[in-house]
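First comes the structure, then the notes that go with it.
The values are calculated or read from the model by the stated rules, or taken from the named source; none is laboratory data. None of these values were measured; they are calculated from a predicted model. Neighbour counts run over all protein chains shown; Cβ positions are idealised from the backbone, glycine included.
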Amino acid sequence: MNDARRHHDMGGLEAGAIDRGEHDKAPWEKRVDALMVLLGQRKILCVDELRRGIEELGADAYERYGYYERWMASMTNILLEKKIIEVGELGARMAEIESGRREALR
C-alpha cells in the first residue's frame with residue numbers, strides 16, 4: 001500500500017465486486033445502530049467521532065472487523081476516552097454476559 005495512504009483509505013483501490021443487495025441486519029447489528037443513534041441524540045458521540053475512532057483502529061483490527069464491529073470498537077474506545085465507562089466496568093459486564101451465555105447453552 002502507498003505510504004501516503006492509511007490502512008482505512010481504500011478509495012480507488014481494486015476491491016472486487018460489490019454486493020449491492022439489501023440484507024437483513026442481525027439483532028446485534030441493529031442494537032449497535034440503535035446505540036449510535038442514542039449516543040448521538042444525547043450529544044455523547046457524533047458521527048465524526050465515530051469515523052475518527054474507526055480510522056484510528058489498527059490495520060489488523062480494521063481488516064478483521066466487519067462494518068458494525070468497527071462501529072462497536074470505535075464507540076467503546078470513545079466512551080472509554082471520555083471516561084463515560086471504565087475498563088473494569090466494561091470487563092465485568094462482558095464477563096457477566098458471557099457467563100449468562102454459558103448458562104443458556106447448558
> When you go through TYR62, TYR68 one by one, which is the residue that is surrounded by 11 or more Cβ atoms within 10 Å (Cβ to Cβ), of a type outside the set (S, T, N, Q) and more than 17 Å from ALA34 (Cβ to Cβ)?
Replying inline: TYR62
>> One residue is enough: does segment 30-44 have a residue meeting the conditions farther than 27 Å from LYS83 by Cβ and surrounded by 10 or more Cβ atoms within 10 Å (Cβ to Cβ)?
In response: yes
> Out of all the residues in segment 13-34, is one or more among the acidic types (Asp, Glu) and within 13 Å of the chain's Cα centre (by Cα)?
Replying inline: yes
>> Out of the residues in segment 47-56 meeting the condition of being out of contact with any helix residue (DSSP H, G or I) (no Cβ under 6 Å at 6 or more places or on another chain) and not basic (Lys, Arg), tell me which one is farthest from LYS30 (Cα to Cα).
In response: GLU56
> If you scan segment 73-106, which residues turn out to be within 19 Å of ARG31 (Cβ to Cβ), outside any helix (DSSP H, G or I) and touching a residue at least 24 places away in the same chain (Cβ under 8 Å)?
Replying inline: ILE84
> Within segment 57-72, which residues are among the charged types (D, E, K, R) and under 22 Å from ALA26 (Cβ atoms)?
Replying inline: GLU63, ARG64, GLU69, ARG70
>> When the residues of segment 1-29 are narrowed to those that are surrounded by 10 or more Cβ atoms within 10 Å (Cβ to Cβ) and either part of a helix (DSSP H, G or I) or among the aliphatic types (A, V, I, L, M) (or both), which ends up modelled with the lowest pLDDT?
In response: MET1
>> I'd like the residue in segment 45-59 that is in a helix (DSSP H, G or I) and among the hydrophobic types (A, V, I, L, M, F, W, C) and, out of all such residues, is surrounded by the fewest Cβ atoms within 10 Å (Cβ to Cβ).
In response: VAL47
